[in-house]
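Shown next, in structure tokens, is the structure this report addresses.
The values are calculated or read from the model by the stated rules, or taken from the named source; none is laboratory data. Just so it is clear, the model here is predicted, and its values are computed rather than measured. Note: ideal-geometry Cβ built from the backbone for every residue, glycine included; neighbour counts use all protein chains shown. Heavy atoms of the whole protein, side chains included, go into the accessibility calculation; ligands, DNA and RNA do not. Shrake-Rupley method; radii C 1.70, N 1.55, O 1.52, S 1.80 Å.
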Amino acid sequence: SFLASLEAPGVLREQWIRAKYERREFVHPEKQEPYSAGYREGFLWKRGRDNGQFLSRKFVLTEREGALKYFNRSDAKEPKAIMKIEHLNATFQPAKIGHPHGLQVTYLKDNSTRNIFVYHEDGKEIVDWFNALRAARFHYLQVAFPGASDADLVPKLSRNYLKEGYMEKTGPKQTEGFRKRWFTMDDRRLMYFKDPLDAFARGEVFIGSKESGYKVLDGLPPSTQGYHWPHGITIVTPDRKFLFTCETELDQREWVAAFQKVVDRPMLPQEYAVEAHFKHKP
């Protein structure tokens, strides 16, 4: 369902208003889109992984296969990618994508996050895709968590990022210089990219809870060198320390608050499995 809240992206708010007052969907239920039909196909403009060009690509959402697929050619027999509904997230990113209807879709490929950036000229069409993806996630979660109430499942349908923006980071030895990277905090995954629209992260850091030995500290260790931005953050994990710097004090405060929120939250059983995978990454 739509949320006509002030926090909702512009295209979602606009389409909620149009659905209510123009299309009268709430008065005439038969006019509502069948989001939960379990199948949807159509064309979206997708950003090329390597060249950054947006090209029209055929997308197919099939609940029976539990997947969203896209095809490089409309007559192609095999999809270019198969994104499992289980690991899929969609979030509106108009500013980042440079289009008012820009949608960022992420999924896990070999346990690494893969980003896909799409849009459609028609606001209703992109919102219908967003709702169809949420409906497919809802049906998947109903099967995966049979005891859970609808109220428990709704927050899991799609999630916005806790925080995004530029920081500087240094490597594990903390002897090389700091480099500017784009960071995305997606639940407990902190990902960093050379460019905000990169398909794959340069690296991912798992951030667990304080009970598991994770801590967030203001500032950097006294001996740290090679940074340009003055406002440091240290994340202590059971294995090592990660050092970041922010350009402004406000940025630093916001990042520390985002990290602290995650560290203060106890880990769920399935998150221990994710943490274990991060530790054994090649």
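Restricting to the stretch 266-275, name every residue that is part of a helix (DSSP H, G or I), open to solvent by 40 Å² or more (accessible area, probe 1.4 Å) and of a type outside the set (Ser, Thr, Tyr).
Those that are part of a helix (DSSP H, G or I), open to solvent by 40 Å² or more (accessible area, probe 1.4 Å) and of a type outside the set (Ser, Thr, Tyr): PRO269, GLN270, ALA273, VAL274.
Any idea which of (1) at pLDDT 95 or above; (2) closer than 21 Å to PHE138 by Cα; (3) in contact with a Ser or Thr (Cβ under 9 Å, 6 or more places away or on another chain) is the one SER56 doesn't satisfy?
(2)
Of all residues being within 19 Å of the chain's Cα centre (by Cα) and among the charged types (D, E, K, R) in the stretch 235-264, which is nearest to GLU211 (Cα to Cα)? Just the residue, please.
So, considering only residues that are within 19 Å of the chain's Cα centre (by Cα) and among the charged types (D, E, K, R), the one nearest to GLU211 (Cα to Cα) is LYS261.
Considering only residues that are buried (at least 20 other Cβ atoms within 10 Å of the Cβ) and under 19 Å from ARG57 (Cβ atoms), which ones fall in the stretch 114-133?
ASN115, ILE116, PHE117, VAL118, TYR119, HIS120, ILE126, VAL127, TRP129, PHE130, ALA132, LEU133
If you check every pair at least six apart or on different chains, which have Cβ atoms under 8 Å apart with a residue in the stretch 255-281 that is at negative phi first and a residue that is assigned to a helix (DSSP H, G or I) and open to solvent by 70 Å² or more (accessible area, probe 1.4 Å) second?
Matching pairs, first to second residue: VAL263/LYS210; ASP264/LYS210; PRO266/GLU211; MET267/GLU211.
Among the residues of the stretch 95-113, write down those that are buried (at least 16 other Cβ atoms within 10 Å of the Cβ), polar (S, T, N, Q) and modelled with pLDDT under 95.
Passing the criteria: only THR113.
Quick one: in the stretch 135-176, of everything that is among the basic types (Lys, Arg) and farther than 24 Å from TYR107 by Cβ, which residue is least open to solvent (accessible area, probe 1.4 Å)?
Here the residue is LYS169.
Residues being of a type in the set (D, E, K, R) and closer than 16 Å to SER158 by Cβ: count how many of those fall in the stretch 97-138.
3
How do the pairs read when you match residues in the stretch 155-167 that are free of Cβ contacts under 8 Å to residues at least 12 places away in the same chain and aliphatic (A, V, I, L, M) with residues anywhere that are part of a loop (DSSP other than H, G, I, E, B) and open to solvent by 30 Å² or more (accessible area, probe 1.4 Å), using Cβ under 9 Å and keeping only pairs 6 or more apart or on different chains?
Pairs found: none.
Within the stretch 128-186, which residues are under 17 Å from the mean Cα position of the chain (by Cα) and of a type in the set (Asp, Glu)?
Across the stretch 128-186, the qualifying residues are GLU164, ASP186.
Those residues that are at pLDDT 95 or above, open to solvent by 40 Å² or more (accessible area, probe 1.4 Å) and in contact with a helix residue (DSSP H, G or I) (Cβ under 8 Å, 6 or more places away or on another chain), I need them from the stretch 222-265; list them, please.
HIS231, ASP264
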